[in-house]
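J.: Input: one structure, supplied below.
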Amino acid sequence: MALTRMRSTIAAEPAHVFDLALDKDDEVYIDLAIAANATYLTSRDRDLLDLMNPETENGALFHERFPGLTVLDPVDFLRRMRENP
């Protein structure tokens, strides 16, 4: 928990930066991650996780615009944190 707090940033009212036609409700999570200059966005949401597939239209656009942001499910995120503290 302390490691998560140490690597966290709090941001309020982020600017809208990415349109996700499949699920507009998920856009705020991407906007927040970008505003916080996050490296990872952790989610179980399939629409967000699918952004990591560069073969889809949304995934290709996402990779082009935000190459430094990776969307991972919680298990993969914890695995990465264990490997690269």
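J.: Would you grab the residues whose amide H sits under 5 Å from the one on residue 40? Only those 5+ places off in sequence or on another chain, please, with H modelled 1.01 Å from N.
T.: 70
J.: Taking the alpha-carbon set of the chain, what are its Rg and Dmax in Å?
T.: Using the Cα atoms of the chain, the pair Rg, Dmax is 12.8, 37 Å.
J.: If each residue of separation counts as 0.36 nm, what is the full-extension length gain between residue 4 and residue 50 once their alpha-carbon separation is subtracted?
T.: 14.2 nm
J.: What nm value, rounded to one decimal, do you get for the distance between residue 12 and residue 76 when each label is placed 7 Å out toward the C-beta?
T.: Placing both labels 7 Å beyond Cα along the Cβ direction yields 3.3 nm.
J.: Once phi is turned into ³J(HN,Hα) by the Karplus curve 6.51 cos²θ - 1.76 cosθ + 1.60 with θ = phi - 60°, what whole-Hz value does each residue of segment 14-22 show in order, with x for glycine and proline?
T.: The phi angles translate into x, 5, 7, 10, 9, 8, 10, 4, 5 Hz.
J.: Let me ask another. Taking the Cα atoms only, what angle lies between the long axis of helix 74-83 and the longest principal axis of the chain, rounded to 10 degrees?
T.: Helix 74-83 sits at roughly 50 degrees to that axis.
Read-outs: derived from the displayed coordinates by stated rules, not from any lab. Everything numeric here is computed off the predicted structure, so don't read it as measured data. No Cβ is skipped: glycine too gets one built from the backbone with ideal geometry, and neighbour counts run over all protein chains shown.
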